[in-house]
1. I'd like the distance separating the alpha-carbon centroids of segment 110-141 and segment 57-78, in whole Å.
2. Could you please rank 106, 99, placing first whichever residue has the fewest other Cβ atoms within 10 Å of its Cβ?
3. Using the 10 angstrom Cβ neighbour count as an exposure proxy, how do 89, 79 rank, fewest first?
4. Given the C-alpha atoms of segment 32-141, compute the convex hull and give its volume per residue in Å³.
5. Given 0.36 nm per residue, what is the gain on full extension from residue 114 to residue 81 after removing their alpha carbon distance, in nm?
């Protein structure tokens, strides 16, 4: 009888250890977050096309986002429910670009990122918009990572 009880307790412990940890993924529906773990490269900034050789990119990992702008690397938290998206306090490196135009584009990119309140993922295209519904950033999933 004692052996059966011990085996049963061991089985329960093993079963609990194999279960999912709800707090490890804080969102109610993981399928709503299909953009997580994908790397996206910017194609338009405020409706202006972006040159691919200097294009910023962004990646979402759980509740963190990170990427590279024109001159600086960045990361920070974000929150959302699949369609809503709000970047938190973004930390970035303080690298200076040799080209003043790239420095201006870097600032413009971060300003646009701070405006974001919603997103739409359509296939491999990620569109980020502001509270007025204006598209501020459009990315395509980076292929060949």
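Derivation of every value follows stated rules applied to the coordinates shown; laboratory data play no part. It should be emphasised that the depicted structure is a prediction, and the values quoted were computed from it without experimental measurement. FYI the Cβ positions are ideal-geometry reconstructions off the backbone, even for glycines, and counts take in every protein chain you see.
1. One Cα centre to the other: 14 Å.
2. Fewest to most other Cβ atoms nearby, the residues stand as 99, 106.
3. 89, 79
4. Normalising the Cα hull of segment 32-141 by residue number yields 89 Å³.
5. Going from the current span to full extension adds 10.1 nm.
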